Every structure is written in structure tokens, then in C-alpha cells.
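K.L.:
Submitted below is the structure of interest, expressed as C-alpha cells.
Values in this text are rule-based calculations from the coordinates and carry no lab data. Everything quoted here is computed from the prediction, not taken from an experiment. Neighbour counts run over all protein chains shown; Cβ positions are idealised from the backbone, glycine included.
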Amino acid sequence: MLKIAVITVSDRASRGEYADMSGPKIKEMIEAEVSEVDVSLTVVPDEWPDIRLAIEANLGKDYILTTGGTGISPRDITPEVTREICEKELPGISEMLRRESYLETRNAVFSRSYSGMKGKTMIINFPGSVRAVTLCTALVLPLLEHGVHMLQGNKHE
């Protein structure tokens with residue numbers, strides 16, 4: 001069974017000013033494609049300690065997927081927090097997400113998404129919009145199980 005945490009980073013959603021749509025969209029897409037999966041949802045503000053605590057609380061799961069806080073506004077700090085926690089970078093994932101997102105919108109060049117590992121947990125930052133997470137989730141879905149097999153030391157398929 002895959003264990004996945006989805007963390008939405010949003011000041012407004014964490015204050016209840018609007019409903020988080022991105023985190024639930026990621027969960028819905030994963031549950032529709034992966035038969036044995038446990039997906040949790042968390043919403044935190046764009047604050048370093050809150051993001052860090054949410055990520056650290058989910059270490060040990062197979063994946064932590066964050067949504068939001070990857071742009072260039074002053075409060076967008078999700079990649080910096082993730083980078084500080086990770087032991088190894090997984091640049092290919094972020095490169096793929098930016099490249100494919102660019103085909104949808106040129107604004108993807110402003111995405112600073114980061115991907116890395118802490119222990120046996122892979123952490124991937126997605127942008128915050130529903131449109132972006134729909135695309136990014138679709139791109140990552142086919143990689144989930146193989147990534148876990150590799151982390152567990154299994155031979156390449």
C-alpha cells in the first residue's frame with residue numbers, strides 16, 4: 001500500500017477564506033488510479049515553521065506532495081523549506097514538471113518547484129492552482145510505484 005501525504009500551502013485556505021481545491025484534486029486523482037493507497041490531506045499557511053512541521057510529521061510515508069508556495073511572490077517559500085529538509089535532490093522530477101507545464105502555459109517558467117528525498121520519503125512540490133496540480137499529478141502518477149520499488153532497494157523492472 002502506498003502512503004501519500006498531500007500538503008496544501010496557502011495562507012487563505014489555512015484561514016478558511018476559501019476551500020482548498022488543489023489538495024483534494026490530487027487525492028481524487030491518485031485514489032482513482034492507485035488501488036491500494038492511503039492519502040492524507042493537510043493545509044498550512046505560507047510560514048516556514050508550519051510547512052516544516054507538516055513535512056516532518058509525514059516523513060516515513062512513501063511520498064509527500066505539496067501544492068502551493070512555489071512561485072516568485074515574497075511568501076512563496078515551499079521549495080526552500082523542502083530543500084532544507086531533503087538529503088538528496090531529485091531534479092529530474094522538477095525538470096519534467098516544469099517542461100510539461102510550460103507546454104500548457106509559459107508562466108511555468110516562474111515555478112520553483114523542488115523534488116527530493118529524506119530517508120525513504122520522496123517530497124515533490126507542485127504549484128498551487130487546480131489546473132497545475134491536475135497536470136502534475138497526471139505526470140507523476142505513472143512514476144509512484146516504480147519510485148517506491150527503487151527506494152526499497154528492489155531491482156529495476
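K.L.:
If you average the sequence gap of Cα pairs under 8 Å that are 6 or more apart and divide by the length of the chain, what percent do you get for the contact order?
P.N.:
Relative contact order comes out at 26 percent.
K.L.:
If r is the Cβ-Cβ distance from Tyr102 to Leu151 and R0 is 30 Å, what FRET efficiency results, to the nearest 0.05?
P.N.:
Computed FRET efficiency for Tyr102 and Leu151: 0.60.
K.L.:
In nm, to one decimal, how far is the modelled label at Ser73 from the one at Leu90, with both set 7 Å along Cα→Cβ?
P.N.:
Reported label-point gap for Ser73 and Leu90 is 2.7 nm.
K.L.:
Can you work out the base-10 log of I(q)/I(0) for the chain at q = 0.09 1/Å, using the Debye formula on its C-alpha atoms alone?
P.N.:
Ignoring solvent entirely, the Cα scatterers give -0.25.
K.L.:
Just how far, in whole angstrom, is segment 102-139 from segment 1-55 if you go by their alpha carbon centroids?
P.N.:
Centre-to-centre distance over Cα atoms comes out at 13 Å.
K.L.:
Using Cβ contacts closer than 10 Å as the measure, can you line up Val81, Val34 from fewest to most?
P.N.:
Val34, Val81
K.L.:
³J(HN,Hα) across segment 134-143 via Karplus (A = 6.51, B = -1.76, C = 1.60, θ = phi - 60°), whole Hz, x for Gly/Pro?
P.N.:
5, 5, 5, 5, 4, 6, 7, 3, x, 9
K.L.:
How much length is gained if the chain between Arg131 and Glu33 is pulled fully straight, taking 0.36 nm per residue apart and subtracting their Cα-Cα distance, in nm to one decimal? Write out the running numbers ahead of the final one.
P.N.:
On the way: separation 98, 0.36 × 98 = 35.28 nm, distance 1.82 nm.
Contour length minus Cα-Cα distance gives 33.5 nm.
K.L.:
Return the long-range amide H neighbours of Phe126 (sequence gap of 5 or more, or a different chain), with a cut-off of under 5 Å between placed amide H atoms.
P.N.:
Thr66, Thr67, Gly68
K.L.:
With θ set to phi - 60°, apply the Karplus curve 6.51 cos²θ - 1.76 cosθ + 1.60 along segment 38-44 and write out the HN-Hα couplings as whole Hz, x wherever there is a Gly or Pro.
P.N.:
So the J values, rounded to whole Hz, are 10, 10, 9, 10, 9, 10, 9.
K.L.:
Would you mind counting up the charge near Leu139? Only other residues with Cβ under 10 Å from its Cβ, with Lys and Arg at +1 and Asp and Glu at -1.
P.N.:
Once all neighbours under 10 Å are counted, the net charge is 0.
K.L.:
Let me ask something else about it. So which GluC sites (Glu not before Pro) in segment 1-50 end up in coil per DSSP with only 12 or fewer other C-beta atoms within 10 Å?
P.N.:
Qualifying residues, ordered by number: Glu17, Glu36.
K.L.:
List, in order, the whole-Hz ³J(HN,Hα) value for each residue of segment 69-74 obtained from phi through the Karplus relation with A = 6.51, B = -1.76, C = 1.60 and θ = phi - 60°; use x for Gly and Pro.
P.N.:
Calculated HN-Hα couplings, in order: x, 10, x, 10, 6, x Hz.
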